[in-house]
Amino acid sequence: MHTIFALATARGKSGVAILRISGPSAHEIGVRLAGRLPLAGHTALRRLRDSDGALLDEALVLRFDAPRSFTGEDVVELQVHGSIAVIRAVEAAIAQTKMVRMAEPGEFTRRALLNGHLDLAQVEGLSDLIAAETEAQRKQAQQLFSGGMRDFAEICRIELIRATALIEATIDFADEEVPVDVSPEVSALIDKVIGRIDAQLDGYHAAERVRSGFEVAIIGPPNAGKSTLINKIAGREIAIISEIAGTTRDVLEVRVDLDGLPVTFLDTAGLRDAEDAIEQIGVTRARSRAADADVRVLLIDGSQEQGDFSPGVTVDLRYMTKSDLTGIGISALHGDGIDQLLRDVSALLSERVSGMTLASHERHRQALERAKALLVVAKTVFQRGDDGAEILALHLRDAVGALDSLIGRVDVEAVLGEIFAQFCIGK
Amino acid sequence: MKHDAFDVVVIGGGHAGAEAAHAAARAGAKTALVTMRKETIGVMSCNPAIGGLGKGHLVREIDAMGGIMGMAADRSGIQFRLLNRRKGPAVRGPRTQSDRALYKAAIQSLLSSQEGLSIIEGEVADLIVSKGQISGVELADGAVVPCRAVVLTTGTFLNGVIHIGDQQTVGGRIGDKPSVRLAERLRALDLPLGRLKTGTPPRLRASSIAWDKLEMQPADEDPALFSFLSDRPYVRQIACGITHTNQQTHDIISENLSRSAMYGGHIAGVGPRYCPSIEDKIVRFADKSSHQIFLEPEGLDSDTVYPNGISTSLPEDVQHAYVHSIFGLERAEILQPGYAIEYDFVDPQSLDPSLQLRAVPGLFLAGQINGTTGYEEAAAQGLMAGLNSARLAQAAAPVILSRAQAYIGVMIDDLVTRGVAEPYRMFTSRAEYRLSLRADNADQRLTGLADQLGVIGSARRERFHAKMEDLAAGREVLEGARFTPREASAAGIAINQDGQRRNGMDLLAFSDVDLGQIDALIPGFRQFTTETRAQLATEALYKTYVERQQRDAAALQRDEAQAIPASINYGDIGGLSNELKGKLQRVKPTTLAQAGRIDGMTPAALALILSRIRQDERRSA
């Protein structure tokens, strides 16, 4: 196993930067740079020097002894001044010891996983935590990182193993006195676990949205004030996350933290029967983007005769605009009523989020679906009676395997590469 | 006095010893079986029955490899019953009660007719080791028997102590001496040892039991035998009686618990969970008002009955009292009191997968000495140890059966990789590949291999080939005919009208299909034997699941193919926890797959081991 190192904090100017070294030579490298390491789990102020003895920086040095470290290996962390030059100099000195190489993306976390310090879902939780921008995301990631998935898998596992044991007892102890009718209990256990999985799946969609962000499409006829509204939201004092240039003309997407939920507001092309083919494409696209969004807000110009306007998609909220002219509805231009609009959107989304559970990654959903399918088949076999006992036992075992894959207990290799690609160097 | 030199010496004539001696001789080794008393070869120390769930599977596998337990059971079987008859084929276990005398006679006859096998009556006092390898055994009378490999199958004889209440006698079995000197020799080898206990019930006089009051359990009308060479039972079938303990029985026992050897604190050994003494049953299942007892006649002409379900180590007077409280046994005469026996066993993690003791090359251990319980478990180990000791003598590689291949493989892997915390007994649930490891296909899995190894006779070979050809032909006929769902429905098969065409095997897989319906669709199928038809139906039933498991088996095979050289130094691998290092050094896994099964193994540790293997390979290249 190689010793690896990397910058754990974001590159760029800052007060403090952390360099982490992990592996069999970590302590020796630490000694070479810092002279003397503190005791395990302790911090010390040290002068870091290169191989010629030249001073690099005065830094806080932390030392961890395997297995009590993040990775489970020997670890040394250097908290240096966060200047680009200092970081470069210290990295060079580390590399110069020739006992180490740069870590690959996510490699520290990978080692934590392989050494059993983290399970697969915790790894995902950690990734989510680092990516979290809103309060809801933070809370969700924290639950996952704290081992929530393992607790869920464990509860189900215990129940399924009990069911399996009852079935196995009727098989292996048929000639001794074992309660012959285990069916009520086995049935109840299978139903219970299916119920638990269903609850997770029901909450999956909302959870996944919290993690990746909700989409709110602003739709309406041309000149209803959609872009004005978006610009107004973009210009407000709420925490703006990013502005992404749209792919169509005059499109703006604004990503905001709306009461702790990540929401992207989308502008769309004005909906009307277009005159030219190109505009028609824009309109069709607008409808389909709106249809894919989580919420659709319809804006109608209150100062114009609209006649019958049908947007062609289900509408969740509707507002009359240009209240500065009409006195009713909202005014995108002046900002009146926008607070109310945002509150309405927030309320709608919060309601959906209230059913959110732990499963928030596609990988989770697939494992849960697999487990559920096996259990549903198991129930069918079970209802057929005695002659399926050994097949029932097989399905139950496989269902446990599917749940175990939630935390990566089984066949981790196939999934590892994909997850770790998400990580930045240093973590 | 010096005996002739042998290739293999088997110590002990119990189930493991008999099987080992026969297997070694079949494999072409000049073999000697050394036993303290010739006439006790093939004795059943406890329950006069062979087979059951898991155990029955082992017996079929032993037979498939040319072993003798199955044939002996068939020749002496007096109450054949197929357990789990109404459940799926994969979990059906053949069982029979045997006439003790006939069983013993059958084993002795099979041994005496085996070429290359001699029986020596004597007590082995010491093992002779030269240049770190076994080179012979020394008998108590000073005689030396030179050999190249030894199979030790001493069962419960090592420092065996028999307990009846607070009475203790040394013995391997009632009426037989223990092997004290040999036990001392093993202790001197500094092997990790443990102590186990097992119990047996009192034997009753059959003519003193009120049979006409009792419910009887008859033998199967259509018996399933053990040996693939048997067609029907050899001797007449009988019924066994059923009775129950009652509250009075329980009271007598509870009042006297302190006088029980196991409860009175006289025994240190760990007992089996699954055939507990009647004392255990009363204490642990206190709310059960009665426990079932099977009254098993020990033979056709015997006056002895074995009451299955009341193993005990209570004093004789208590045994008399509680037996007489049982319905039907009010006047029962006790011929032999029940007793508990504690004995030494060797931690099987000291063995390699061929059952050879790593500390003493050439010495193989098989049977209860490895911490198992049951005749079948012992015999299966005996078979493999015998086979491998012969191959060692012939400088051939040992035979290792994998978990995906046989229950024998599951058992040996469990023993040598995980050790035993309590007496090990086989259950079908121990096998991940249970659907493939069926009692009905043991020959298909193992007889071909046995043929290659040269350990089966021509009669078995011919029968096997004929069966395989018939199966292949039957399969072809079934797979060659395809039907639409409508055609299948017309024949009475309940099927989804999904437009998918299915062949005969696919249709057979439906659980409510009967062979008559298949015959109607495929008249050519009628010509095959009942056995072939049933076999193909079973195959069809499990086909999809077996294929699903094939994928896992492939991963297993890949890891099993990755050998770990014996020279690997775990202490030297940086990054391995001390705990894992200790386990690896104790078990010394021979493949990556076996290493992965060690308790507490992590993916990181496996990666380190693999990387070290590669490094070592590169260095020596």
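Values in this text are rule-based calculations from the coordinates and carry no lab data. Keep in mind the model is a prediction, meaning the values are calculated, not measured. For neighbour counting, all protein chains shown are included, and Cβ atoms are generated from backbone atoms with ideal geometry for every residue, glycine included.
Proximity of backbone amide H atoms, modeled 1.01 Å from N, is registered between B:ALA49 and B:SER98 at under 5 Å, excluding neighbours fewer than 5 places apart on the same chain. How would chain B be classified by its alpha-carbon gyration tensor: rounded, prolate or oblate, with rounded meaning a/c under 1.5 and the a/b versus b/c comparison settling the rest? Here chain B falls in the oblate category.
Rounded to the nearest Hz, the phi-derived 3J(HN,Hα) couplings of segment B:449-457 under the Karplus curve 6.51 cos²θ - 1.76 cosθ + 1.60 (θ = phi - 60°) are 4, 4, 4, 4, 6, x, 10, 10, x, where x marks glycine and proline. Secondary-structure-derived ellipticity at 222 nm for chain B, considering helices only, amounts to -11500 deg cm²/dmol, per-run term -39500 (n - 2.57) for DSSP H runs with n ≥ 4.
Under the convention that each Lys and Arg Cβ holds +1 and each Asp and Glu Cβ holds -1, the size of the dipole of chain B around its Cα centre is about 1340 debye.
Take each residue in B:427-435, count the other chain C-beta atoms within 10 Å of its C-beta, and the mean is 4. Under 14 Å from a label point set 7 Å out along the Cα-to-Cβ vector of B:ALA509, the amide N atoms of segment B:540-554 belong to B:540-550. Taking the average, over residues, of other Cβ atoms within 10 Å as the packing measure, peptides B:135-142, B:307-314 rank B:307-314, B:135-142 from highest down. If a/c stays under 1.5 just call it rounded; otherwise compare a/b with b/c (prolate if a/b is bigger, oblate if not). Do that for chain A, with a ≥ b ≥ c from the square roots of the Cα gyration tensor eigenvalues. It is oblate, given that a/c is not under 1.5 and a/b is not larger than b/c. Summarising the amide proton neighbourhood of B:ARG195: residues at separation of 5 or more, or on other chains, whose placed amide H is nearer than 5 Å comprise B:VAL270, B:PHE345.
Between A:ALA291 and A:GLU279, full extension at 0.36 nm per residue minus the direct alpha carbon distance yields a gain of 2.5 nm. Inter-chain neighbour count for B:84-92: the average number of beta-carbon atoms from partner chains within 10 Å of each residue's beta-carbon is 6. Here the peptides A:76-87, B:21-32, B:237-248 are ranked by packing, the mean other Cβ count within 10 Å, and the order with the highest first is B:21-32, A:76-87, B:237-248.
Among the listed pairs B:LYS2/B:LYS131; A:LYS98/B:LYS581; A:LYS372/B:LYS543, which have their C-alpha atoms separated by more than 27 angstrom in this model? Correct reply: A:LYS98/B:LYS581.
Translational diffusion of the protein assembly as shown was estimated from the Stokes-Einstein equation, with Rh taken as the Kirkwood radius over Cα pairs; at 37 °C and 0.692 mPa s the coefficient is 96 µm²/s.
For the protein assembly as shown, the antiparallel share of DSSP beta bridges with both residues in that region comes to about 70%.
Across segment A:4-103, Cα pairs under 8 Å and at least six residues apart give a relative contact order of 33 percent. Packing, taken as the mean count of other beta carbons within 10 Å per residue, orders the peptides B:376-385, B:59-68 from highest to lowest as B:376-385, B:59-68.
Coupling constants for segment B:254-261 follow from the phi torsions by the Karplus curve (6.51 cos²θ - 1.76 cosθ + 1.60, θ = phi - 60°), and in residue order they are 4, 5, 10, 3, 5, 8, 7, 4 Hz; glycine and proline get x. A prolate overall shape is assigned to segment B:260-390, the ratio a/c of its alpha-carbon gyration tensor axes (a ≥ b ≥ c) being 1.5 or greater and a/b exceeding b/c. Between A:SER14 and B:ALA359, the C-beta separation translates, for a Förster distance of 60 Å, into a calculated FRET efficiency of about 0.45. For chain B, DSSP calls about 75 percent of its internal beta bridges antiparallel.
Separation of segment B:359-385 from segment B:96-167 is 12 Å, based on Cα centroids. Residues within the reach of a label modelled at B:ALA466 (point 7 angstrom out along Cα to beta-carbon, backbone nitrogen below 16 Å), restricted to segment B:198-242, are B:228-232. Here the Karplus curve 6.51 cos²θ - 1.76 cosθ + 1.60, taken at θ = phi - 60°, turns the phi angles of segment B:547-556 into couplings of 5, 4, 6, 4, 5, 5, 4, 5, 5, 4 Hz, with x standing for Gly and Pro.
Spread over its residues, the convex hull of the C-alpha atoms of segment A:213-353 is 104 Å³ per residue. Projected label points at B:ARG526 and B:LYS2, each 7 Å from Cα along the beta carbon direction, are separated by 7.2 nanometres. For the pair B:THR484 and A:GLU91, how long in nm is the line joining their label points, each one 7 Å along Cα→Cβ? So the two model labels end up 7.0 nm from each other.
In this calculation the C-beta distance from B:SER130 to B:ALA397 is compared with R0 = 30 Å, giving a FRET efficiency of 0.80.
Taking 7 Å steps out from each Cα toward its Cβ at A:MET1 and B:LEU189 produces label points 3.6 nm apart. Note on chain B: dipole from Cβ charges, positive end direction compared against B:SER76, B:GLY155, B:GLY504; the farthest Cα belongs to B:GLY504. Amide H to amide H distances under 5 Å link B:LEU127 with B:GLU138, where only residues 5 or more positions off or on other chains count and H is placed in the peptide plane.
Other residues with beta-carbon under 10 Å from the beta-carbon of B:ARG403 carry, at +1 per Lys or Arg and -1 per Asp or Glu, a net charge of -2.
Averaged over the residues of peptide A:66-73, the number of Cβ atoms from other protein chains lying within 10 Å of each residue's Cβ is 2.
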